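Below is one structure, written out as structure tokens; the observations come after it.
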Amino acid sequence: MLKRIQKKINQSNDKVAVFLTKKLVGTMWCAYLFAAYGLLGLVFPDSVDKLTFWSNWPQLWLLPVLLVSANLLDKANERRQRETHDMVKAELELVKKLVKKQEGGQ
């Protein structure tokens with residue numbers, strides 16, 4: 001029972017991490033937002049200390065999210081590559097059988 005609950009929690013966490021990475025952090029709009037935020041120090045030079053403090057906060061919570069999401073996306077890519085490899089191997093074996101059959105028939 002406890003393992004099932006833990007599995008559900010992990011699946012939910014994984015979904016949140018992938019969603020945040022694909023829909024929020026991994027977008028150009030996020031890059032524009034961070035670039036604009038970086039320019040605020042030029043507009044408000046007296047508050048650079050506060051801006052620096054608040055710029056560290058998103059980094060602290062986004063870094064683990066990005067790492068988890070990258071790991072999940074890598075696992076998905078590895079699974080797809082393994083499936084593709086297995087299909088290509090199966091097709092190669094089929095072609096070898098057909099060639100052998102043709103050579104034996106001539």
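A short reminder: the numbers here are calculations on the coordinates, not readings from a lab. Just so it is clear, the structure is predicted and the values come from calculations on it, not from any experiment. Ideal geometry is used to build each Cβ from the backbone, glycine not excepted, and the neighbour counts take in all protein chains shown.
Footprinting exposure proxy ranking of Met87, Met1, fewest other C-beta atoms within 10 angstrom first, gives Met1, Met87. Angle, helix 2-19 long axis vs. longest principal axis of the chain, Cα atoms, 0 to 90°, nearest 10? Around 70 degrees separate the two axes. A straight chain from Ser47 to Arg4 at 0.36 nm per residue would run longer than the Cα-Cα distance by 10.6 nm. The gain in end-to-end length when the Ser55 to Ala31 segment is fully stretched comes to 7.3 nm, 0.36 nm per residue minus the alpha carbon separation. May I ask you to list the aspartates and glutamates whose Cα is less than 17 Å away from that of Lys100, ignoring any residue fewer than eight positions away on the same chain? Answer for Lys100, where 17 Å is the Cα cut-off: Glu91, listed by chain and number.
Just to verify a number: FRET efficiency for Glu91 and Asn71, C-beta to C-beta distance, R0 = 30 Å, to 0.05?
After rounding to 0.05, the efficiency reads 0.45.
Sorting the segments 48-55, 93-100, 19-26 by their mean number of nearby beta carbons within 10 angstrom, highest to lowest, gives 19-26, 48-55, 93-100. Residue pairs exceeding 26 angstrom between C-alpha atoms, taken from Lys75/Lys96; Lys3/Lys23; Lys23/Lys89; Lys22/Lys75; Lys8/Lys75: Lys75/Lys96; Lys3/Lys23; Lys23/Lys89.
The convex hull of the Cα atoms of the chain, projected and averaged over all directions, covers 12.6 nm². Relative to the longest principal axis of the Cα atoms of the chain, helix 48-105 runs at roughly 10 degrees.
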